[in-house]
Each structure stands twice: as C-alpha cells, then as structure tokens.
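Just so it is clear, none of the values below were taken in a lab; they were calculated from the coordinates. The structure presented is a predicted model; accordingly, all values stated were derived computationally and were not measured. Cβ coordinates were reconstructed from backbone atoms using ideal geometry, including for glycine residues, and neighbour counts include every protein chain displayed.
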Amino acid sequence: MTDIFKSKRVIFPKGYQKKFIIKSKNKLNFTWNQMAKNLNISTRNLIDWKNEKISMSFNALKILCKKTKIKMPKNIKIKEPFWYTKKAGKIGGIKVYKKYEIIGGDPQKRKEMWYKWWLKEGRYKNSIINTLPIKKPAKNKDLAELIGIILGDGGVTKYQLIITLNIKEDKEYANFVAKLIKKLFNVFPKIYPSPKKSVNNIVVSRVELVKFLTSVGIVVGNKVKQKVNIPIWIKKNKLFLISCLRGLIDTDGCIFIHSYKINNKVYYYKKLAFSNKSKPLIKTVYNSFKKLGLNPRITKDGKDVRIENKTDIEKYFKIIGSHNLRHLKKRYK
C-alpha cells in the first residue's frame, strides 16, 4: 500500500488547507506538476488537496514545512489512516445492527477490499459523479487535430476519453497528445502503460469533456458500427481539415518502404497508407487528399487510402506534416 494511504491525515479548519498549499507553492516557485512530483503524489491528488476535497497527508505537510521553512500550523488535527472509514463504518454498523441484530466480517479484509475498489474505481469517482469543469475551447486547428487523433486511435465512453498508442514507437507522440489535451481543456490526462499489450493508454475521466466532444462530432461507443466521419465544421475549413488529417494519419496511418526489381537492380520508394474500417471516413480522407492536390487511391478491399507517388509523399509532408516522430524518421530514412 502506498504512503499516501499509510500516512496520517491532517485536518485543517475550512479554507486553511487551500491557503497553506498555495502559500507553499508560491514559496517554492513550483508548477503544480513539480510540486506533486516533489511530494511523490499525482497532480490530480495535489489539486484535490488544494480544493479541499480530501485531507492532505501528514507526511506531505512535514515535507512542505521543511522545504518552505513555514512553521507547522497550530490549528490542525492529526488523524490516523482510514479515520474516515471508521467513522462511516460506525454509522453503517448501527444501521446493520438495527436491521439484522448482528455485526460480522473481518475488518482487515474489508479494508483490503476497499483499497482494491479505490485503485480500480474509487479514485475516479470525483471526476465522474461531481462532473468537474473543463475549459471549453473554440473550434480551432488544435481541436481539429485532436478530433483526428480520436477518430484514428481514440474512443469515448460515457465517462472517459481514451487514446491508445504504441508504447515504444509512439512514446514521444503520447506526450504530445497529452500536452494537446491539457492545452485545449486544462485537464491533466493520465498515461497508463500496458506493456503486455505494448500500448500506452491516455485517459481523461471527465463527463464534461465527453459532453463537449460529442457536441463537436465525436460519437460515444463503437466507431465502426456508427460509421464515423470527419465532422462537417472541419470539412468546411481548409486549415481545420489539414490539422484533422494530420491527427488521423499520425495515429491510423503509416509510412512504409516499397521495393521492386528492374534488370536485377532493386529500387526502393516510400508509400503512405491510411487504414480504417469506417467506409465514410475512408471516402472523406480520399476526397480530402484530392482536394489538397494529391493523387490518392483506395485499395480493392476499401480499407486503405494510399499515396504512392514520391512527389506526392513530399507534398503531403509540406502541406499536412506530422507531429509523430515515428513518421518523421521514416520520411528521411
């Protein structure tokens, strides 16, 4: 169990915990990320402390007092770990006894089960139930690029945005995507590595974010069954369309080397392929490439759009470009 749960908790009078944390941050001249890293906690947890949604740990209080040379506050109470579960348990126990006239179960087992629930589900409850606010950006190039990323390797549920990228090849790109989300919505996405599946999952658990994304053309649930496509507001604006295509190709596209032999001499040249199972999306990407002066083709199975001409490949990178280092490396390879 992590120190955040083992540590005693500090109970401040209302409003004082927020003042203490902000004062400490200003003294240290840290960003929220830097401060959280120094305390060995998540940024989300630190923000919850600052907003007084949960009480901060006594260990963190001691660290901040030492680093900032702020005196230990006198108007605080120190509580043992899980003090709140004991209080809630007492109330619940009385109700159970009144109903069943018996109290049973292993307290340690209940604590372990609670902790498992917290890791799997509980820590997301604030963002799901309380519908925490987000910054709602205007329709712009950054938002159009994120829409392309979501249409490519993303998905939306009722409560979450999840973008799945290759853990090795897209390592730098995952950081770019996380920063893009932060810039657009002022929320801190979490990156959860899944080495067994060789992916990084970029996750944001915000109902308000899901509502906003659906309002600008993203669907909740299975993208293929719902035949997703680029939203009309993006299609109507050339700059938005270019950004959206960049997001699509950076996620669901690839640059590969094609080889052929003439008179026993082997020649190599690059091709670009965009793959997707949504037929409307494939058709839109094809038409968009043509509109931008490229010469694409759709493969016989209808699942790929290809750019195969060497001049067109260079033209693609000049007009649309890429934020994915994996593609940029292959461009010059």
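Counting pairs of alpha carbon atoms under 8 Å apart in space and at least six apart in sequence, what relative contact order in percent does segment 141-223 give? Numbers along the way, then the final one.
Working: 120 pairs, mean separation 30.3, N = 83.
Rounded, it is 37 percent for segment 141-223.
For a footprinting-style exposure proxy, rank Ile149, Ile313, Ile307 by other Cβ within 10 Å, fewest first.
The most exposed by this proxy come first: Ile313, Ile307, Ile149.
Provide the gained length on full extension for the span Cys65 to Lys310, in nm with one decimal, where the gain is 0.36 nm per separating residue minus the Cα-Cα distance.
That pair, Cys65 and Lys310, stretches by 82.0 nm at full extension.
I need the calculated FRET efficiency for the pair Lys318 and Asn237, taking r as the beta carbon distance and R₀ as 25 Å, to the nearest 0.05.
0.80
Hey, which of these cross-link pairs are over 18 Å Cα-Cα: Lys25/Lys77; Lys271/Lys315; Lys179/Lys315; Lys19/Lys74; Lys27/Lys62; Lys197/Lys330?
Lys25/Lys77; Lys179/Lys315; Lys197/Lys330
If a/c stays under 1.5 just call it rounded; otherwise compare a/b with b/c (prolate if a/b is bigger, oblate if not). Do that for segment 3-79, with a ≥ b ≥ c from the square roots of the Cα gyration tensor eigenvalues. Walk me through the intermediate numbers first.
Values: a/c = 1.35, a/b = 1.15, b/c = 1.18.
Rounded shape, in that the Cα axes give a/c under 1.5.
Along Cα→Cβ, 7 Å out, is where each label goes; now give me the distance between the ones at Lys303 and Glu52 in nm to one decimal.
Placing both labels 7 Å beyond Cα along the Cβ direction yields 5.7 nm.
Less than 10 Å Cβ to Cβ from Leu294, Lys/Arg counted +1 and Asp/Glu -1: what total charge do the surrounding residues give?
Here the count lands on +2.
Which whole-number percentage describes the relative contact order of segment 220-306, with Cα contacts under 8 Å and a sequence gap of 6 or more?
Normalised by residue count, the contact order of segment 220-306 is 26 percent.
Neighbouring Cβ atoms within 10 Å as the yardstick, rank Val266, Val228, Val285, Val207 fewest first.
In order of increasing Cβ crowding within 10 Å: Val266, Val207, Val228, Val285.
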